[in-house]
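Below is one structure; the comments refer to it alone.
The values are calculated or read from the model by the stated rules, or taken from the named source; none is laboratory data. Just so it is clear, the model here is predicted, and its values are computed rather than measured. Please note: Cβ atoms are built from the backbone with ideal geometry, for glycine as well, and neighbour counts cover all protein chains shown.
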Amino acid sequence: MKHDIILPVGGNQVVHDESQFSGTAFSVSYPETVQDVSDIVRTCAQSGESITVHGSLTALNGAGVPLYGHCMDMQRLSQVTYDPQDQTVWAQAGASFQSIEQTVRRESHMTREFPASPTEKTATLGGGLSFHTAGLRSFRYGSVADHVLELEYCNNKGEIRRLARGQDGFDLFLGSEGMCGVITGARLSTVPLLPHVWGLIFFFDNDDTAMDFASRAEGLDCVSVLEYMDSACFRLADEYRDSLSALSGLPSAPDHHAAIYLELESDQEESIEQAAEELLCAAEELGADPDKTWSASGDEVEQFRGLHHAITECVNMKIAQYHAEDSRVKRLAYPIRLTGEGRKAALQYYRHALADSGLDYLIFGHLCCRQVLTLNILSRSAQDYLRGKDLFTAWCAQDKKEGRYSMHRCGVGKLYRSLFCSTAPLDVLNKRIKSKQRFDPENRFNPGNMFTQTTL
Ligand SMILES: Cc1cc2nc3c(=O)[nH]c(=O)nc-3n(C[C@H](O)[C@H](O)[C@H](O)COP(=O)(O)OP(=O)(O)OC[C@H]3O[C@@H](n4cnc5c(N)ncnc54)[C@H](O)[C@@H]3O)c2cc1C
């Protein structure tokens, strides 16, 4: 084992993620090889130390933040190797999505790509798999986890193991928030890089027409991105226009209530043109003004992709500002599950509940594989934060009653664990408790995520 692989942490060294949840550890490590990970886990196991693993700490629920024990930063375990034979990519867990995407494009001579990555490109593969991350293009290409063919991890004894898709235990690791072991790498599938892409943003006067439009768009072959953003997102973006380069080049949005961003991708431009025409007609029928629709093609589409990411950044900056004024304020995001016909009613339900609350909020997200939008409350004070949490508790109870519970779908971490434990349906709780007991009965990995010690 390398000398000084486990380093002591200075008294006031605090770790926090993008939710502003913070904590501290007694020691820290920066493994550079899979062997380092194994050595560190063995050493911690011998001394009875718990381990909290993290990637680039961009999660929004405190899941990678240590409360005590050892903190393992995976960002130096970051090799990415593309295999031209089978067109798969092996990435170590600390590799960022940016480096995975760039490697695949470069090494395949711009013929293949890794399409499912989250909008936050600095996020790591380990974080993405532990969080069940979905990205802009997950509508067509699924979540990051959907592309995993094989998973490598270090278990609680420091042994390195591999699990292939379909093998017993494989699914339990995905979305486990680091509670089953340390993911060290994964083999990922890639897809052909399509030459033509268009981006379109349609503006609507109300949620119902926006949702009707989304339902029509879903049926079209070329659609690869389907995003919902309400007008509060654009107002917040306007506020940060001068400080974020991703926003400065965009025009001001027309008066609207809700926008749908979609991308069309194909190997034939005519297919895209035809789909775009159908969409413009559908939007007009639903009351949207085609002249106010934003469009881009090719590389220009990156600007629209940047908008979604920038809105999340604006929310984080706003919360960081309120947190600096009152440290009890943290990020509050509720996953609204929208399925089929119930979509409009679900949106109405949450908007109605917030109408008299006086709370600032915005709703946006991917209308994709997991059909979850996030409702972000911008708590200006601790009172706002507590009122928001009370609303979340009431919604969780109602969602559970109506069979659309989704609190765990965007991560539980430490911020939402009491809500999760008190409101999650039994099958959801059982799945997580059983996988914890199976892979990590001593509760060595990521203590405090999803459950308290006593729940386990
Ligand atoms: C501006 C912005 C935009 C975002 N957009 C999206 C989005 O579009 N879609 C989305 O789903 N999320 C999004 N996120 C949230 C976040 O980026 C993702 O959840 C991301 O996958 C987290 O990766 P990370 O490396 O930062 O993980 P961390 O925050 O470091 O950790 C997250 C969890 O993963 C665990 N973990 C990390 N590495 C390992 C490992 N090697 N082995 C075991 N467990 C591990 C940690 O213990 C923790 O439980 C966004 C965040 C920001 C700030």
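Key figures for this structure:
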quantity	calculated
Test: residue in the range 434-454 that is surrounded by fewer than 18 Cβ atoms within 10 Å (Cβ to Cβ), free of Cβ contacts under 8 Å to residues at least 24 places away in the same chain and among the acidic types (Asp, Glu)	no
Candidate set: the range 94-109, residues that are without any contact (Cβ under 8 Å) to a residue 60 or more places away in the chain and in contact with a Phe, Trp or Tyr (Cβ under 6 Å, 6 or more places away or on another chain); chosen: the one nearest to residue 190 (Cα to Cα)	101
Qualifying position, being among the small types (Gly, Ala, Ser), more than 24 Å from residue 350 (Cβ to Cβ) and either surrounded by 15 or more Cβ atoms within 10 Å (Cβ to Cβ) or in contact (Cβ under 8 Å) with a residue 60 or more places away in the chain (or both), among 232, 217, 246	246
Residue selected from the range 319-332 under the condition in contact with a helix residue (DSSP H, G or I) (Cβ under 7 Å, 6 or more places away or on another chain) and more than 10 Å from the ligand (Cβ to nearest atom), by the criterion farthest from residue 61 (Cα to Cα)	326
Residue satisfying condition, being surrounded by fewer than 24 Cβ atoms within 10 Å (Cβ to Cβ), assigned to a strand (DSSP E or B) and modelled with pLDDT of 95 or more, within set 81, 43, 103	81
Residue in the range 319-340 that is polar (S, T, N, Q) and assigned to a helix (DSSP H, G or I) present	yes
Near pairs, Cβ below 6 angstrom, 6+ apart or cross-chain, from the range 402-424 (farther than 24 Å from residue 58 by Cβ and more than 16 Å from the ligand (Cβ to nearest atom)) to any residue that is among the hydroxyl-bearing types (Ser, Thr, Tyr) and in a loop (DSSP other than H, G, I, E, B)	421/455
Test set (1) farther than 19 Å from residue 129 by Cα; (2) within 16 Å of the ligand (Cβ to nearest atom); (3) touching a residue at least 60 places away in the same chain (Cβ under 8 Å) - residue 395 fails condition number	(2)
Number of the condition not met by residue 183 [criteria: (1) within 16 Å of the ligand (Cβ to nearest atom); (2) assigned by TED's automatic domain parsing to the domain that holds residue 280]	(2)
Scope the range 10-23; condition surrounded by fewer than 19 Cβ atoms within 10 Å (Cβ to Cβ) and either modelled with pLDDT of 90 or more or assigned to a helix (DSSP H, G or I) (or both); matching residues	16, 22, 23
